[in-house]
Structure formats: C-alpha cells, structure tokens
Amino acid sequence: MPELPEVETIARQLRGLIVGRTIAHFRSDWRRLTEPEPADLFAARLAGRAIRGVRRRGKLVVMDLDDGEALIVSLRMTGQLLFREKEVEAHPYRRAHIAFTDGTALEFADTRKFGRMAIVDATALDGATHAPRRVGEPLHRFLGVEPLSRAFTVRWLRDFLARRGRSAIKPLLLDQTGIAGVGNIYDIEALWRARIHPLRTAGSLADDEVGRLHEALRWVLRKGIRYGGATRRDYRDARGKEGRMQREFNVYDRAGDPCPRCGAEIVRTVVGGRGTFHCPRCQRLPRGAARPARSRA
Ligand SMILES: [Zn+2]
C-alpha cells in the first residue's frame, strides 16, 4: 500500500509531467471511485480546468486546479496513476482516464478498486480541523502533521505521545489524524531504527527514545523517497516503474532473518490487526508488559 515516500515519488514525477496541461475530459465507469458524486458531474467539474501544481498531503496525491479546487486521489491498496505520452492500450484495470487537451493522458489503474477521487476546496487540506473526526467525515480535512515538515519537531512528538499516552506506539503512528503519511512499512522500520518495541505505550517512552523515534521516522521516510518508494506487489510510479526501497528493509518482511544490528532472529507478530516485524533483542518490552503472540505466517 503506497505510503508517504511512494506518494511523494508519484507527486514529484507528475509535477514535471502534467503541470500546465488542461483537462479535456474525465471518464470513469467505476461508480464508487468518485462517490458520492456521479462520474458525469465529476467530469463536468474537471473539463477545461488547468493543472496548476501537484503535491502530496499525507498519502493523498493532490492536483491543484486553476479555480482554487484540487483533485485528490487516494491510491489505497493498489491504485496507480500512470502518465501516458500518447494513446496506448488501456490498462486492464483502468478505472479512470483523464485526457489532456494536448493528447497526453493520466490513467488511473486499480486492481482492488479501493482507490478514491474527490474534488475539494484546496485550503481544506492545509491544516487539520481540530474537532475530532466523526465516522463518515472525509479524512482529507483531518490529516495531521506532515512528518517531513518543520512543524514536526521533537517537542511536537513528545506532546502528541503524552496526549495519547495509553496507545500502543505502533498503531498510534498509523493514525493519519496524528502524523499524516506513515503506513505499516515505515512505521515498522522506524521503530526498529529507534530500538522501540511496537507494543510500548506512547506515554512510556523516555525523552531519549522520543528523540530517536523522531529522527528514525524522518530518516526512513527520506530514504524511502530517495529510493523511489517500495514495491511489494502493485506499487508503480507515474512512469510505471517499481521502487527500490524494498531491497533496503531491515526488518519489514524479514521474519527469520538475522537482525542487521545484533544478529538475533527477526520475528513477525500481529499488532492491531497488522503484520509487524521487530528484533526481540534490540526492541525490548519492559518486564510485566503484555507480550504479542508470535505468528507463523
Ligand atoms: Zn537486533
């Protein structure tokens, strides 16, 4: 599932490919893609709009339009945004097609069909709405701090962890309304780098551990961007290429391998319903804390 580095890679590429182009038409025959808006209304709102910029917010690709609105794309599990220089045979899992007036196009392919698009007021993406998000309210208005921005400081992280002190650290880092853009892979890699067990409670981290976690999150996310993101199955960049970060994982998907730091065997557990990897020697749980069941998968 694309996380911050994968989406950042796509947004940076698209910036060089589609900024300045004007949308001729939008087509989609997968009704849930633009839900609750019907695809034909969606298409009418996009026709004639120029793309002014492309950026990332959390795990969303944001295409800023010339009228103050933005087309946002949530790739979810398997979504791909593929730039087409000229007419090519449609991707077998094409869910939408954005044709530009100059003959180029942007194709949205998605095997699992969890991806979504929306046209929103661009300013709604800027800062999190502070009211707690209720079920059904759109996530884009509640996205938390960007971990690579200046606003994400050690002090911010310390305050955030204190406020959510009873949460286990691993699932807390996945909460998009807290820190936006971190998903399972970079969460696991950051906790390994910071030598913090995934089940530690947020409030139990000492100051030096908070500092290490802050550094580790930024380090793994930046490295992910530098390597063009991680491809496990479906992720492709806007040119249809795989990322290279998957070769750099230290613990993610490495169950049974030796820890690169200490040589102990990496174990897989399930935390909050998600497959989790850690080194039992480098990432210890304090005595008395509940231990995760080891899983075989
Ligand atoms: Zn280790």
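The values are calculated or read from the model by the stated rules, or taken from the named source; none is laboratory data. Nothing here was measured: the structure is a model prediction, and the numbers come from that model. Cβ: placed from backbone, ideal geometry, glycine included. Neighbour counts: every protein chain shown.
To keep it simple, each residue is scored yes or no on (1) within 29 Å of Gly243 (Cβ to Cβ); (2) surrounded by 15 or more Cβ atoms within 10 Å (Cβ to Cβ); (3) at pLDDT 95 or above; (4) of a type in the set (S, T, N, Q).
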residue	(1), (2), (3), (4)
Gly136	no, no, no, no
Pro147	yes, yes, yes, no
Arg163	no, no, yes, no
Asp187	yes, yes, yes, no
task = Inspect region 144-155 for any residue being assigned to a helix (DSSP H, G or I), over 30 Å from Leu17 (Cβ atoms) and out of contact with any Gly (no Cβ under 8 Å at 6 or more places or on another chain) and give the result as yes or no.
result = yes
key: Some residue of region 244-260 being within 11 Å of the ligand (Cβ to nearest atom), surrounded by 15 or more Cβ atoms within 10 Å (Cβ to Cβ) and assigned to a strand (DSSP E or B)   = no
remark   = Among the residues of region 89-120, the number that are more than 21 Å from the chain's Cα centre (by Cα) and exposed (fewer than 15 other Cβ atoms within 10 Å of the Cβ) is 6
query = Among the residues of region 228-250, is there at least one that is in contact with an Asp or Glu (Cβ under 8 Å, 6 or more places away or on another chain) and among the aliphatic types (A, V, I, L, M)?
reply = yes
task = Sort out which residues of region 68-84 are over 15 Å from Phe42 (Cβ atoms) and assigned to a strand (DSSP E or B), and write them in order of number.
result = Gly79, Gln80, Leu81, Leu82, Phe83, Arg84
remark   = When region 1-53 is checked residue by residue, the ones that are over 18 Å from Ala118 (Cβ atoms) and modelled with pLDDT under 95 are Met1
request  = Could you please tell me which pairs satisfy a Cβ distance under 8 Å, a separation of 6+ or placement on different chains, a first residue in region 211-228 that is modelled with pLDDT of 95 or more, and a second residue that is of a type in the set (Lys, Arg) and surrounded by fewer than 19 Cβ atoms within 10 Å (Cβ to Cβ)?
outcome  = Arg212/Arg195; Tyr227/Arg244; Tyr227/Arg247; Gly228/Lys241; Gly228/Arg244
note = Among residues of region 264-282 being assigned to a loop (DSSP other than H, G, I, E, B) and more than 7 Å from the ligand (Cβ to nearest atom), the residue surrounded by the fewest Cβ atoms within 10 Å (Cβ to Cβ) is Gly273
key: In region 241-272, the residues that are of a type in the set (Gly, Ala, Ser) and modelled with pLDDT of 95 or more   = Gly243, Ala255, Gly256, Gly263, Ala264
